[in-house]
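Colleague: Mind looking over this structure? Questions follow.
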Amino acid sequence: MSESAAQPESGSAVVEPVEVLRQAIAWKKDSPLVALVTIVKAWPTAPMRAGSQMAVHADGRRCGSVFGPALDARVGAAAIEALAADQDRTLSLAVDDATASAAGLACGGGLEIRLEPLRDGPQGNARALGQTLDAVQRQRGVVLCTALGDSRRMVVATDSPDGDAWTVEALQRARADQTGIALVDGQEVLFQVFNAPLRLFVVGAVRIAAALVDAALLLGFEVSVIDPRPERAHSMPFAGARVLVGPAAEALREMALDERCAVVLLSHAPEIDDPALVRALTSRAFYIGALGSRRTHAARLARLEAAGLGAQVTARIHGPAGLPIGAIGPAEIAASIVAEIIAVLRRGEASARSR
């Protein structure tokens, strides 16, 4: 299996929550006065979504952002005040239309922000934050749960079985990628979701694959294109994606597909697609799609049945891949596929198939 990678162009200076968490913990090793700022509620078109974070050092240094220069300095000053008082605080901010317009937004709205000094000790938050960072660095999804009343904390792995009410709520929010506050057992609890990256594996280096790569990257997926044919794999740049040359089934096995993975088969070659489908169907991938007409898909299912895979297993395959929007051409077909992937991710299989 050979591999190549195309580097995406540098984008905005948005700092991911995990990087903010890493910086906050690094500062904490040298200073007792570090605060973590987290957006817990944001209006739909806000530049930063719930879960975005900023670390604030007592000397004024900041890492990350909750809005932009217009508000970050103000929030940073409030975090330093929370450090001085050694108190967790909630800050509600109204962003007027003029401020929003200056930031390039259509309209303003409201932000609810939690200011939380980092503390050591059994009741402190530094230990739970360290556990969270350690899990994320190992690409394990977790949800950090914090009771806003007494600051009790729990870290829930996203592959945990259902348990108590906190765990159930945490797992639901992880599936929805939704950081926020919920009332659980009479307590307001902040659920901070740190999911493993979303990954998309595209089998078949064809024209639609190039459009699909672009669409998935825009949505934040890590994308890999797999094709055993070197002349195909290197026929297009696939900027921003990793390109793997070799048997697709082998590549998918090595990638350890989990519940944050989607697989799309595009090659139209049964000798390439079918082994990859068998591998994907034995994994926890949340989405498996295969391109082709209904007749092509029926033939595909017949081959898989002959290989010993029953209808209950093959029912996981979305075929033909993509929502039925009358798509024409690679770009529209790619749009229909990523739309279906997001529908399955956010609403589950049943909702996505009600079409």
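Colleague: Does Leu265 qualify as being touching a residue at least 40 places away in the same chain (Cβ under 8 Å) and of a type outside the set (Phe, Trp, Tyr)?
Modeller: So Leu265 passes the test.
Colleague: Those residues that are of a type in the set (A, V, I, L, M, F, W, C) and touching a residue at least 60 places away in the same chain (Cβ under 8 Å), I need them from the range 234-258; list them, please.
Modeller: Phe238, Ala239, Ala241, Val243, Leu244, Val245, Ala251
Colleague: Can you name every one of the helices (runs of 4 or more DSSP H) wholly within the range 241-325 that holds 1 or more residues which are modelled with pLDDT under 95, closer than 24 Å to Ala216 by Cα and polar (S, T, N, Q)? Quick ask: steps written out before the conclusion?
Modeller: Details: elements: 248-254, 270-281, 294-306, 311-314.
By residue number, no helices (runs of 4 or more DSSP H) qualify.
Colleague: Among the listed residues Ala85, Ala58, Ala78, which satisfies the condition of being within 24 Å of Gly149 (Cβ to Cβ) and either buried (at least 16 other Cβ atoms within 10 Å of the Cβ) or in contact (Cβ under 8 Å) with a residue 24 or more places away in the chain (or both)?
Modeller: Ala78
Let's see how each residue does on (1) β-branched (Val, Ile, Thr); (2) part of a strand (DSSP E or B):
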site: Ile39; (1), (2): yes, yes
site: Ala46; (1), (2): no, no
site: Ala50; (1), (2): no, no
site: Cys63; (1), (2): no, yes
site: Ala78; (1), (2): no, no
site: Leu91; (1), (2): no, yes
site: Leu105; (1), (2): no, no
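Colleague: Restricting to the range 213-229, what's the tally of residues that are part of a helix (DSSP H, G or I) and either touching a residue at least 40 places away in the same chain (Cβ under 8 Å) or touching a Phe, Trp or Tyr at 6+ places or on another chain (Cβ under 6 Å) (or both)? Working first, answer last.
Modeller: Let us first name the residues in the range 213-229 that are part of a helix (DSSP H, G or I), namely 213-218.
Keeping just the survivors that are either touching a residue at least 40 places away in the same chain (Cβ under 8 Å) or touching a Phe, Trp or Tyr at 6+ places or on another chain (Cβ under 6 Å) (or both) gives 213-217.
The qualifying residues number 5.
Colleague: Taking the criterion of being of a type in the set (S, T, N, Q) and either surrounded by fewer than 17 Cβ atoms within 10 Å (Cβ to Cβ) or in the same structural domain as Arg140 (by TED's automatic domain parsing) (or both), would at least one residue in the range 245-268 satisfy it?
Modeller: So in the range 245-268, the residues of a type in the set (S, T, N, Q) come out as 267.
Still in the list and also either surrounded by fewer than 17 Cβ atoms within 10 Å (Cβ to Cβ) or in the same structural domain as Arg140 (by TED's automatic domain parsing) (or both): none.
Checked against the condition, which is being of a type in the set (S, T, N, Q) and either surrounded by fewer than 17 Cβ atoms within 10 Å (Cβ to Cβ) or in the same structural domain as Arg140 (by TED's automatic domain parsing) (or both), the range 245-268 yields no hits at all.
Colleague: Conditions first: (1) in contact with a Phe, Trp or Tyr (Cβ under 9 Å, 6 or more places away or on another chain); (2) of a type in the set (A, V, I, L, M, F, W, C); (3) surrounded by 23 or more Cβ atoms within 10 Å (Cβ to Cβ). Ala210 passes all but one, so which condition is the exception?
Modeller: (3)
Colleague: Does Gly292 satisfy the condition of being in contact (Cβ under 8 Å) with a residue 12 or more places away in the chain and surrounded by fewer than 19 Cβ atoms within 10 Å (Cβ to Cβ)?
Modeller: Against the criterion (in contact (Cβ under 8 Å) with a residue 12 or more places away in the chain and surrounded by fewer than 19 Cβ atoms within 10 Å (Cβ to Cβ)), Gly292 qualifies.
Colleague: A follow-up question, please. Report yes if Ala196 is under 19 Å from Val18 (Cα atoms) and outside any strand (DSSP E or B), otherwise no.
Modeller: Values: under 19 Å from Val18 (Cα atoms): yes; outside any strand (DSSP E or B): yes.
Yes: the conditions hold for Ala196.
Colleague: Sticking with this one: Among the residues of the range 178-195, write down those that are on the phi < 0 side of the Ramachandran plot and charged (D, E, K, R).
Modeller: Of everything in the range 178-195, just one residue is on the phi < 0 side of the Ramachandran plot and charged (D, E, K, R), namely Glu188.
The values are calculated or read from the model by the stated rules, or taken from the named source; none is laboratory data. Keep in mind that this is a model prediction, so the values were computed, not measured. Methodologically, a virtual Cβ is constructed for each residue, glycine included, from the backbone with ideal geometry; neighbour enumeration extends over all protein chains shown.
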